[in-house]
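Scroll down for the structure; my scribbles are underneath it.
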Amino acid sequence: MNGENTIAAGEPFDLTRAFGDTWCVSVTPLPLQESLHRMGVHVVSDLPDGLALASLRSVRRSTVTDGSVLLLAKPADRGTTVVLQLEGLSGWIGSDPETLGDLSSSGGLACSIWSDPNRTEVLCAEDGRVSAGLDAVTGRSWVQADDRATPGLASLVASAGADALAEGGQWNSSQRAVLALRTITGVRLSDELCGDPWTGGFASW
């Protein structure tokens, strides 16, 4: 779990190769501190060895009894923030509809991608509500039937799904999710963006 992930030019970043089968990455339209606060982190600190700390907690997860979850964050393109969670035994904070909706409630688009064994999903929220998603394994997308999703978001998610299907077997589901995240948010995950150092803290979940 070191984030090292040498890739060819044009190849989407492989989160599963970098972090294993379980992970969640969220892109928010908010500043870093506010993103973490809305995701339940009350004390935010610099974590130059954040991935090592996450790896240690993963090894010792049976001894973590306070319900805390480590979130790692850093600024990304276009004024966005990337938040990484590698502890998923109690669920992914970024996949919680209420949390993801809150991250988009001040305007802008919030998007999370996450993976459990045999399942990789994309979820999008805007204007405070989750309104569209994508199965990165099959490339099938969905939007709310009650007109919650704006035409722009619906088009982006459909395009992300089409891109994933068009790639066929070229990329794995992790890479298809990363490709969808880039299509929807404009944020391109990379070794640098997904590596140390981080800023973060512990959220109760």
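Given the range 62-162, what strands (runs of 3 or more DSSP E) lie entirely inside it while holding 2 or more residues that are at pLDDT 90 or above and closer than 23 Å to residue 195 by Cβ? Talk me through it step by step, then tell me what you get.
Details: elements: 68-75, 81-85, 109-116, 119-126, 129-135, 141-143.
The strands (runs of 3 or more DSSP E) meeting that bar are 68-75, 81-85, 109-116, 119-126.
Scanning the range 37-50 turns up no residue that is within 16 Å of the chain's Cα centre (by Cα), crowded, with 16+ Cβ neighbours inside 10 Å and in a strand (DSSP E or B). Just a yes or no: is a residue in the range 84-91 open to solvent by 40 Å² or more (accessible area, probe 1.4 Å) and under 26 Å from residue 50 (Cβ atoms)? Within the range 84-91, one or more residues are open to solvent by 40 Å² or more (accessible area, probe 1.4 Å) and under 26 Å from residue 50 (Cβ atoms). Per the conditions (1) surrounded by 17 or more Cβ atoms within 10 Å (Cβ to Cβ); (2) part of a loop (DSSP other than H, G, I, E, B); (3) not small (Gly, Ala, Ser), the sole criterion not satisfied by residue 16 is (2).
The values are calculated or read from the model by the stated rules, or taken from the named source; none is laboratory data. A quick note: this is a predicted structure, and the numbers were derived from the prediction, not measured. Here the Cβ is made from the backbone with ideal geometry for all residues, glycine too, and neighbour counts use every protein chain on show. For accessibility, only protein heavy atoms count, side chains too; no ligands or nucleic acids. Shrake-Rupley method; radii C 1.70, N 1.55, O 1.52, S 1.80 Å.
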